[in-house]
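S.K.: Here it is: the structure, laid out below.
The values are calculated or read from the model by the stated rules, or taken from the named source; none is laboratory data. Quick caveat: nothing in here was measured; it's all calculated off a predicted structure. Methodologically, a virtual Cβ is constructed for each residue, glycine included, from the backbone with ideal geometry; neighbour enumeration extends over all protein chains shown. In case anyone asks, the SASA skips ligands and DNA or RNA and just uses the protein heavy atoms, side chains included. Shrake-Rupley method; radii C 1.70, N 1.55, O 1.52, S 1.80 Å.
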Amino acid sequence: MAKQEDQFKKVLSHAKEYGYVFQSSEIYDGLSAVYDYAQNGVELKKNIRDYWWKAMVQMHENIVGIDAAILMHPTTWKASGHVDAFNDPLIDNKDSKKRYRADVLVEDFREKISEKIQKDIDKAKKRFGDAFNEDEFRNTNPNVLRRQKQMDEITEKLTKVQEENDLEGFRQLIIDLGINCPVSGSSNWTEVKQFNLMFGTQIGASAENATQVYLRPETAQGIFVNFLNVQKTGRMKIPFGIAQTGKAFRNEIVARQFIFRMREFEQMEMQFFVKPGTQQEWYNEWKETRLKWHLSLGMGAENYRFHDHDKLAHYADAAADIEFKFPFGFKELEGIHSRTDFDLKAHEEYSGKKLQYFDHEENKSYVPYVVETSIGLDRMFLAVFSNSLQEEELENGTTRTVLKLPAVLAPFKAAIFPLVKKDGLPEVARKIMDDLKWDFNVFYDEKDAVGKRYRRQDAAGTPFCITVDHDTLQDDSVTIRHRDTMDQKRVKITDLKDIIKAEVDVKTWLQKM
Ligand code: ATP
């Protein structure tokens, strides 16, 4: 646990030190759970967004994008159920005065049991080597069976209190499980209350005739209300998708995990409209496709897992999360939801307008079903950043800090150094930079010894360093150094573009899907 916390602290300080993420309004001591992306962070974030957009929109003939406004007609949120049901159950510890999400307290407790099971499995794996059969071990080992039973009972009880909105039962469950406040260590809990997560604001010049509106808590509704406009003007045929990236706002109760849980964040969502009855098929298809997208980035298949929901949201008939192993454990990174026809039907009812598709093959109109893929851009940023940050022992006994970002996502693709600040070397380096910057985001640095400059770029995540030396003036060659392997090669200046492209091109990466 301590190791995980250390790693997370390193992620936070590295993100600040290397210009990735700053606390919002830091000079005023910040605003809780609100962050700013800095000069490198904004590039990484843009590259993640572009990688998603390429895969989801531009590589699919039947998916188009939109960019809807953050403010929407307030009835939207009545129809979607957010005004009445977008609540989190909160509980306070009377001694520490800290506030928690009741469901998260129980889920974290269950996750600890799951980690114990994993530990037993890992130990047995080591002991039995190749002869180890994990399924058999899970089904026969008494410790694992006992713990699994405990987890199943917790899941059942949690689902029950959530479904029945039994707030007293929720509190009792926390007490029965012996869950204590991580800060005070006590079980002196208040009652559980429901708390609506939407931020409200007003439109209008004077208080009397102002209209209450909301900052959207998800981007999806901007897609639903535009469904027919896009279908008609784009002449879209079912099945088809509408995608969007953009800000969403939630007044999160517990906001202590850096950019994992923010009050203002960005989502990348795609709503896929299908014929009723085919939703299960498409749900499975999108689960698989989205996992492949993640795996294409090469961050280790063992760091992802599916979590099928036991408690379904009011709109869903099936739902799963893709969870990622963050420095604080496996947590939701993306949700894939089969949303039925709930949203479109609700908007029909509240607006009095038909939101139906005329199917020429079937010769009838119907309200399509929807399968949604929804990923938090900031969570994806944290997944990439935390997974890439590594400390390496080098052969000479020293260590280096290296940010092994997937090259396709790295803010700068190459850094260009003149070996010394004289003898015409800076001019040649600048010329190379001027040529490469048409194709890649590149960085120029002439300060300090080259070794120090390499280390700075390793820590900033730049995949290539290019050094111009005195020989360059004679043979038009430079040294190119690879961030991950630290291999250095002498290459012709004219070959640089192809060498870099081969490693950073979106096509090469997405073709791994
Ligand atoms: P959680 O259970 O963690 O609160 P959720 O199930 O409410 O998340 P969804 O409503 O399914 O999340 O939103 C889709 C995605 O948006 C999530 O998978 C996550 O990546 C992202 N997301 C949701 N809330 C936040 C937040 N407060 N900060 C950053 N990203 C978020």
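S.K.: What FRET efficiency would be calculated for the residue pair residue 492, residue 121, taking the C-beta separation as r and a Förster radius of 56 Å, to the nearest 0.05?
M.R.: 0.60
S.K.: Using Cα-Cα distances under 8 Å and only pairs 6 or more residues apart, what relative contact order does segment 325-375 have, in percent?
M.R.: 46 percent
S.K.: Now, a different point. When the chain is fully extended, how far beyond the present Cα-Cα distance does residue 393 get from residue 439, taking 0.36 nm per residue of separation?
M.R.: Full extension from residue 393 to residue 439 adds 13.2 nm.
S.K.: Could you give the Stokes-Einstein D for the chain in µm² per second, using the C-alpha Kirkwood radius, 20 °C, 1.002 mPa s?
M.R.: 83 µm²/s
S.K.: Please tell me which of these pairs span more than 24 angstrom C-alpha to C-alpha: 157/331; 54/413; 98/149; 10/489; 160/345?
M.R.: Violating the 24 Å Cα-Cα cut-off are 98/149; 10/489; 160/345.
S.K.: Still on this structure, please answer the following. Keeping every protein chain present and rolling a 1.4 Å probe, give me the accessible area per residue for segment 412-510 in Å².
M.R.: 51 Å²
S.K.: Right, next: Which value, in debye to the nearest 20, describes the size of the charge dipole of the chain about its Cα centre when Lys and Arg Cβ atoms bear +1, Asp and Glu Cβ atoms bear -1, and nothing else is charged?
M.R.: 620 debye
S.K.: Same structure, new question: Where both partners of a DSSP beta bridge lie in the chain, what percent of those bridges are antiparallel, to the nearest 5?
M.R.: Numbers: 72 of 83 bridges.
Percent antiparallel among DSSP bridges in the chain is about 85.
S.K.: Let me ask something else about it. Out of all Cα-Cα pairs in segment 87-196, roughly what percent, to the nearest whole number, are more than 17 Å apart?
M.R.: Numbers: 3512 of 5995 pairs.
Result: 59 percent of Cα pairs exceed 17 Å.
S.K.: Using only alpha carbon pairs under 8 Å that are at least six residues apart, calculate the relative contact order of the chain and give it in whole percent.
M.R.: Rounded, it is 14 percent for the chain.
S.K.: Related question: List the trypsin sites (Lys or Arg not before Pro) in segment 444-497 that DSSP assigns to loop (not H, G, I, E or B) and whose Cβ has at most 14 other Cβ atoms within 10 Å. Which are they?
M.R.: 447
S.K.: What nm distance separates the two modelled labels at residue 264 and residue 166, each placed 7 Å from Cα along Cα→Cβ?
M.R.: Those two pseudo-labels are separated by 4.1 nm.
S.K.: Separate question: In debye, nearest 20, what is the charge dipole magnitude of segment 412-510 about its Cα centre with +1 on Lys and Arg Cβ and -1 on Asp and Glu Cβ, if you could check?
M.R.: 320 debye
S.K.: Of the accessible area of the chain, with the probe set at 1.4 angstrom, what percent is carbon plus sulfur?
M.R.: Accessible surface attributable to carbon and sulfur in the chain totals 48 percent.
S.K.: Here is a further query. Give me the percent relative contact order of segment 398-480, please, defined on Cα pairs under 8 angstrom at least 6 residues apart.
M.R.: Contact order relative to length: 42 percent.
S.K.: Excluding ligands, DNA and RNA, what is the solvent-accessible area per residue of segment 206-246 at a probe of 1.4 Å, expressed in Å²?
M.R.: 43 Å²
S.K.: As an exercise, take the mean of 1/r over every pair of distinct alpha carbons in segment 412-510, invert it, and state the Kirkwood radius in angstroms.
M.R.: That comes to 13.4 Å for segment 412-510.
S.K.: Can you tell me the length gained on complete extension of the stretch residue 34 to residue 184, counting 0.36 nm per residue apart and subtracting the Cα distance?
M.R.: Once the chain is fully extended between residue 34 and residue 184, it gains 51.4 nm.
S.K.: So how much slack lies between residue 195 and residue 139, counting 0.36 nm per residue of separation and subtracting their Cα-Cα distance, in nm? Please report the intermediate quantities before stating the final value.
M.R.: On the way: separation 56, 0.36 × 56 = 20.16 nm, distance 4.06 nm.
So the chain would gain 16.1 nm between residue 195 and residue 139.
S.K.: Any idea of the accessible area per residue across segment 87-196, 1.4 Å probe, to the nearest Å²? Could the numbers behind the result be given before it?
M.R.: Values: 6750 Å² over 110 residues.
Roughly 61 Å² per residue, with all protein chains present.
S.K.: If you don't mind, another one. Can you give the charge dipole size of segment 87-196 about its Cα centre, rounded to the nearest 20 debye, using +1 on the beta carbon of Lys and Arg and -1 on the beta carbon of Asp and Glu?
M.R.: About 540 debye.
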